[in-house]
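One structure is given below, encoded as structure tokens.
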Amino acid sequence: MAKKRIAIVGASGYTGLELVRISLNHPEFEIVSLVADRNAGKSYSDVFPSFNNVTLPALVSLHDLVPENCDLIFCGLPHTTSQKVIKGLFGKAKIVDLSADFRLRDTSEYEKWYGSPHFAPEIQPSAVYGLTEFYREEIVEANLVACTGCNTAAGLYPLVPLLARNIISSRRIILDLKAGVSGAGRAAKVNTLFAELSEGCQPYNPVYHRHLAEFDQELTKVAKGKVEVSFTPHLIPMNRGILATIYVEGDASEIYNCLQERYKNEKFIHVLPAGKVPSTRHVRGSNNVFIGVMQDRNEGKVKLFSVLDNLTKGSSGQAVQNANLMLGLDESAGLSMVSLVP
């Protein structure tokens, strides 16, 4: 059987780099085009020397991409830019978008949270939210999948099953999250310089982080009533990874049993033995999510712990998982990598 022809738009960013890394080891993928306007004409190893011994297409500009030659296009462009590009590609190939541009079903919510009008509202109804384990049937039939925010995925995996079964209170959910610096992207920024970030930890966007829009959308949907979590992300001096500590009200045993039952047949979501807590190093470079449950010393209060790699299961690995479903392949194809240790 012929391999699936894929293109990666935004190939010189971190998510693009991760997509290339995964796709090279994918048994059914053939990379036919790598798009990076600012680096067009260069070889991929010119940008990332670690690919010096790998044969890949040269980087090209967007106008050189021929979407009809692709079975699927990954779009790893920044927010607001992505929707303009996808508007021109939609209907010519299946698309997996890694930006936030098609995550919010209500385009007025997009404008509220991202400060820009939506440039492709006519396409939005066709987009399927890319939380794979909860939208499989829709993803299989989709022509456009909008991958989740990495922070959002870390919070949704523990919370969605519990709210769906009304096992925890929908009020007073507190989500404290620590994220590695690659989540901020590859572009140079003062706050991600080594001297600014190392040996410190800082909250960012602590009141109105954009991923709150996704939490509101998905948790309210599953709970069948308004849910607004209190969410504070922190930037820490780590290249990749997310640790979410979530404070909820409920019974620890019931919570644990619910999560274990929901994820017992999932390949990439793992609920640890009761009382065990995960570390970001347990999932580094893999497509796994580890979840821990622990009783708080205060009766009726429970701590949930969730870890994932923001570049893999939080972004590019999730994108490949969704692409596999869209292309009729084994969902786990190309995603069997074990975590990097140390």
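The values are calculated or read from the model by the stated rules, or taken from the named source; none is laboratory data. All figures in this text were calculated on a predicted structure; none of them were measured in a lab. Quick reminder, even Gly has a Cβ in these numbers, built from the backbone with ideal geometry, and neighbours come from all protein chains shown.
Please return the ranges of helices (runs of 4 or more DSSP H) entirely within the stretch 95-167 where 3 or more residues are outside the structural domain of Val9 (by TED's automatic domain parsing).
150-164
Could you please let me know if Asn288 is more than 21 Å from the chain's Cα centre (by Cα), more than 22 Å from Phe231 (Cα to Cα) and modelled with pLDDT of 95 or more?
No, not satisfied.
Could you tell me which residue of the stretch 316-342 is surrounded by the fewest Cβ atoms within 10 Å (Cβ to Cβ), considering only residues that are at pLDDT below 95 and farther than 18 Å from Val20 by Cβ?
For the stretch 316-342, the residue satisfying everything is Pro342.
Please enumerate the residues belonging to the stretch 225-250 that are over 23 Å from the mean Cα position of the chain (by Cα) and over 17 Å from Phe305 (Cβ atoms).
Gly225, Lys226, listed by residue number.
Quick test for you: out of Ala40, Ala93, pick the one residue that is among the hydrophobic types (A, V, I, L, M, F, W, C), touching a Cys at 6+ places or on another chain (Cβ under 6 Å) and closer than 14 Å to Ile8 by Cβ.
Numbers: Ala40 fails: touching a Cys at 6+ places or on another chain (Cβ under 6 Å).
Within the list Ala40, Ala93, the selection yields Ala93.
Can we say Leu311 is touching a residue at least 40 places away in the same chain (Cβ under 8 Å) and crowded, with 18+ Cβ neighbours inside 10 Å?
yes
Among the numbered criteria (1) within 27 Å of Gly328 (Cβ to Cβ); (2) out of contact with any Leu (no Cβ under 8 Å at 6 or more places or on another chain); (3) part of a loop (DSSP other than H, G, I, E, B), which one does Pro57 miss?
Of the numbered conditions (1) within 27 Å of Gly328 (Cβ to Cβ); (2) out of contact with any Leu (no Cβ under 8 Å at 6 or more places or on another chain); (3) part of a loop (DSSP other than H, G, I, E, B), the odd one out for Pro57 is (2).
How many residues are over 15 Å from Phe305 (Cβ atoms), in contact with a helix residue (DSSP H, G or I) (Cβ under 7 Å, 6 or more places away or on another chain) and surrounded by 12 or more Cβ atoms within 10 Å (Cβ to Cβ) if we restrict to the stretch 169-200?
10
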